[in-house]
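One structure is given below, encoded as structure tokens.
The values are calculated or read from the model by the stated rules, or taken from the named source; none is laboratory data. From a predicted model like this one, the values you see are computed outputs, not experimental measurements. Every residue, glycine as well, gets a Cβ built from its backbone with ideal geometry; the counts of neighbours run over all protein chains shown. Surface areas here come from the heavy atoms of the whole protein model, side chains and all, with no ligands, DNA or RNA. Shrake-Rupley method; radii C 1.70, N 1.55, O 1.52, S 1.80 Å.
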Amino acid sequence: MVVAEDAKAERKSEGRPFEADVAKLLQLMVHSVYSDKSVFLRELIANAADACERLRYEAIADPALLGDDAKLRITVGIDAEAKQLAVEDNGIGMSRDEMIEALGTIARSGTKAFLERIEAAQAGEAGGEGNALIGRFGVGFYSAFMVAERVDVISRRAGTDAVWRWSSDGKGTFDISPEAPLPDPPPPAGEGSSQAGEGRAATPRRGTRVVLHLMDDAKTYAERATVEALIKSRSGHLPVPIALVEKPGAAPAEITDGAALWAKPKAEISAADYTDFYRSIAMAFDEPELTVHFRAEGRQDFTALLFVPATRPFDLFDPDRPGRVKLYVKRVFIADDVDILPRYLRFVRGLVDSADLPLNVSREKIQESPLLAAIRKGVTGRVLAEFERLADKEPQTFAKIWSAFGAVLKEGIYEDFERRDALLKLARFKTTASPDEWRSLSDYVAALKPNQTAIYYLAGDDIARLKSSPHLEGFRARGIEVLLLPDPVDTFWVMPGTGFNGKPFKSVTQGAADLALIPRLDAKDGTPQQATPEVAGTVKDFLAFVKSTLGDAVAEVRASDRLTDSAVCLVAPDAGPDRALERILAGAGRLAASSKPILEVNPQHELVVALAALGDAARDFKEDAAHLLFDEARLREGDRPADAKAFSDRLARVLGRGLRGASA
């Protein structure tokens with residue numbers, strides 16, 4: 001059914017400013033530092049393919065949208081004499097309001113992050129990221145202004161009469177106006193035609209034409225050899241055929257046939273083909289670290305082509321970030337926001353094409369379909385099986401994947417109970433025994449010490465601070481390996497109830513260390529020694545004095561068997577969260593009341609022994625020392641002193657006493 005837009009079409013040309021972020025983005029694009037500006041063509045063709053796929057989907061419910069032009073296609077036209085390049089599709093098209101929304105604003109959370117990163121690139125801080133930024137942040141249309149002094153967009157929404165023109169020189173404003181529909185003359189040969197010269201081109205019968213008025217230094221993009229090579233290398237595997245018109249009035253020559261790469265036998269697909277397809281579907285410039293291509297037959301019939309990127313996307317930890325796996329049904333694009341993979345695999349790019357899902361139901365209904373649930377289970381299992389194969393056969397490749405996405409994969413240990421064991425086997429860690437290389441839990445369990453009954457870990461937010469934590473001293477002295485966990489999710493998946501190979505996870509910052517059964521190693525010759533020596537009576541008295549002085553600030557003050565070099569550390573009680581989890585919950589406002597920490601004191605430390613030997617005459621000094629020891633323990637964990645002014649006053653008094661003693 002044709003929708004009349006005559007009332008809107010009567011409006012005259014209207015000038016509008018870009019949103020502030022778009023204006024800033026355009027300025028950066030015009031003065032781009034990218035050495036390979038040809039990225040713009042891939043972006044425009046990808047947008048055209050998306051428009052065709054969206055029409056294919058909408059036509060399922062309303063076949064009249066296709067009219068007598070059912071074959072979807074993309075046509076690239078060039079005019080070397082006029083220095084113009086046009087990308088035209090016969091897809092869904094845009095109305096006036098859709099043009100303003102799509103081309104005058106950037107309605108996405110990544111805008112600010114993109115602007116920050118592209119500015120860093122201009123300042124020379126982005127290293128080799130350069131060209132990857134455009135595709136990674138999804139603002140590809142604006143890349144046209146890297147090569148064009150003006151861009152015109154002429155579009156007719158499928159099912160409507162009105163044609164609209166959007167025009168801008170990228171300098172802060174754009175014009176939008178109705179375009180008088182002109183009849184489309186018969187093409188000289190083949191199906192469809194495109195004229196780069198806008199004065200000679202009829203308005204689209206349906207779809208969108210983007211016309212670039214090229215800058216003098218971008219004239220090469222109006223040459224057939226350049227454009228054809230770019231189409232074949234970067235857009236050759238899109239599921240929409242692409243034709244090239246090398247001059248106004250010429251017959252279109254088909255460059256790609258629109259055959260779906262994923263439907264071809266694997267034996268016919270080269271590594272370069274996979275890489276090109278990955279770059280087009282993921283809008284990326286890197287090469288995939290892993291490609292998973294398979295067909296499932298039986299109770300469900302579907303094909304999956306999935307890629308694991310080599311680099312981490314900028315919005316990987318955005319809680320609102322949707323998945324990046326497209327859903328097709330019988331090669332008809334359905335949606336790119338269906339949850340085909342669990343959230344902990346949200347970095348995977350690609351598509352799934354089902355032969356069984358119905359075409360004529362809503363996306364919401366598809367989401368609830370038991371068929372999709374079965375597909376989701378099969379695809380997830382296959383991806384994890386590929387990870388297991390890599391971890392076993394190509395450990396270096398898997399280490400790269402884990403370095404980029406391990407923090408996300410560990411979310412599955414916490415969220416996916418069914419696959420927890422499989423994910424624990426895949427998990428890799430830096431440890432006190434291997435601070436620079438990844439270790440598996442199987443490696444850890446194989447190296448357990450006699451009488452060691454738990455897998456010890458230390459969680460926090462900074463790997464360097466973890467490595468220097470005083471909580472590790474007693475474990476290092478006994479040769480006990482400790483997992484170093486710097487990611488926020490780590491404090492959740494190691495909660496009580498989880499374990500590996502019958503060994504529970506235990507935080508070295510919670511409860512008693514229980515190291516008495518594991519003898520220390522002699523630092524000189526490695527011979528075992530007895531565990532913690534007895535605590536001297538004066539030290540016991542000093543510990544009681546410290547508890548009395550600190551009062552309710554701590555739950556307990558006790559001698560430590562986990563400290564060998566440091567004087568003090570804080571640990572959490574046996575019940576409740578450990579120190580790292582408590583800090584995360586408190587920072588998120590999810591902790592009603594924090595538990596009181598336990599202050600552990602090294603009874604052999606020379607400072608503690610010296611303080612314990614002081615008499616009642618030095619009581620005030622000992623009280624200051626007790627508070628400073630407590631604040632020292634807080635500082636070692638990255639916290640602030642409990643009372644900054646009191647800390648400063650006590651430190652001044654202790655320093656003054658030391659100076660007086662030194663001058664006496």
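Summary of values
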{"item": "Complete set of residues in segment 288-312 that are among the basic types (Lys, Arg) and either crowded, with 22+ Cβ neighbours inside 10 Å or part of a loop (DSSP other than H, G, I, E, B) (or both)", "result": "ARG299, ARG312"}
{"item": "Exclusive hit being under 29 Å from LEU345 (Cβ atoms), assigned to a loop (DSSP other than H, G, I, E, B) and free of Cβ contacts under 8 Å to residues at least 12 places away in the same chain, set ASP436, ASP392", "result": "ASP436"}
{"item": "Candidate set from segment 437-453 (those that are of a type in the set (S, T, N, Q) and at pLDDT below 95); member that is surrounded by the fewest Cβ atoms within 10 Å (Cβ to Cβ)", "result": "ASN451"}
{"item": "Of all residues in segment 602-655 being more than 47 Å from the chain's Cα centre (by Cα) and of a type in the set (Asp, Glu), the one that is most open to solvent (accessible area, probe 1.4 Å)", "result": "GLU606"}
{"item": "Any chance GLY258 is surrounded by 17 or more Cβ atoms within 10 Å (Cβ to Cβ), small (Gly, Ala, Ser) and in contact with a Ser or Thr (Cβ under 8 Å, 6 or more places away or on another chain)", "result": "no"}
{"item": "Residue check, THR291 without any contact (Cβ under 8 Å) to a residue 40 or more places away in the chain and among the polar types (S, T, N, Q)", "result": "yes"}
{"item": "Extreme residue, farthest from the chain's Cα centre (by Cα), among residues of segment 548-578 that are in contact (Cβ under 8 Å) with a residue 12 or more places away in the chain and in a helix (DSSP H, G or I)", "result": "THR549"}
{"item": "Leading residue by the ranking (most open to solvent (accessible area, probe 1.4 Å)) among those in segment 48-91 that are among the charged types (D, E, K, R), over 15 Å from ARG156 (Cα atoms) and not in a helix (DSSP H, G or I)", "result": "GLU81"}
{"item": "Residues located in segment 498-514, provided they are surrounded by 19 or more Cβ atoms within 10 Å (Cβ to Cβ) and modelled with pLDDT under 85", "result": "ALA513"}
{"item": "GLY474 vs. criteria farther than 25 Å from PHE417 by Cβ, in contact (Cβ under 8 Å) with a residue 12 or more places away in the chain, not in a helix (DSSP H, G or I) and not basic (Lys, Arg)", "result": "no"}
{"item": "Failed item, numbered, when ARG205 is tested on (1) modelled with pLDDT under 85; (2) buried (at least 17 other Cβ atoms within 10 Å of the Cβ); (3) more than 29 Å from TYR278 (Cα to Cα)", "result": "(1)"}
{"item": "Residue within segment 169-185 that is at pLDDT 60 or above, open to solvent by less than 20 Å² (accessible area, probe 1.4 Å), β-branched (Val, Ile, Thr) and farther than 24 Å from LYS71 by Cβ present", "result": "yes"}
{"item": "Yes/no for LEU581 being part of a helix (DSSP H, G or I) and either within 35 Å of the chain's Cα centre (by Cα) or at positive phi (or both)", "result": "yes"}
{"item": "Subset tally (residues that are in contact with a Lys or Arg (Cβ under 6 Å, 6 or more places away or on another chain) and surrounded by fewer than 22 Cβ atoms within 10 Å (Cβ to Cβ)) for segment 334-348", "result": "2"}
{"item": "Matching entry among LYS377, LYS365, LYS393, LYS410 (being among the charged types (D, E, K, R) and under 22 Å from the mean Cα position of the chain (by Cα))", "result": "LYS410"}
{"item": "LEU357 vs. criteria in a loop (DSSP other than H, G, I, E, B) and in contact (Cβ under 8 Å) with a residue 12 or more places away in the chain", "result": "yes"}
{"item": "Meets criteria (surrounded by 21 or more Cβ atoms within 10 Å (Cβ to Cβ), at pLDDT below 95 and under 22 Å from SER403 (Cα atoms)) for VAL489", "result": "yes"}
{"item": "Selection within segment 270-287 - in a helix (DSSP H, G or I) and within 16 Å of the chain's Cα centre (by Cα)", "result": "ALA282"}
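Okay, residues lined up against (1) on the phi > 0 side of the Ramachandran plot; (2) among the hydroxyl-bearing types (Ser, Thr, Tyr); (3) without any contact (Cβ under 8 Å) to a residue 60 or more places away in the chain:
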position: PRO265; (1), (2), (3): no, no, yes
position: ILE269; (1), (2), (3): no, no, yes
position: ASP273; (1), (2), (3): no, no, yes
position: SER280; (1), (2), (3): no, yes, no
position: MET283; (1), (2), (3): yes, no, no
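Residues checked against (1) closer than 30 Å to ARG349 by Cβ; (2) of a type outside the set (Phe, Trp, Tyr):
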| residue | (1), (2) |
| --- | --- |
| PHE387 | yes, no |
| TRP402 | yes, no |
| GLU415 | yes, yes |
| GLU473 | no, yes |
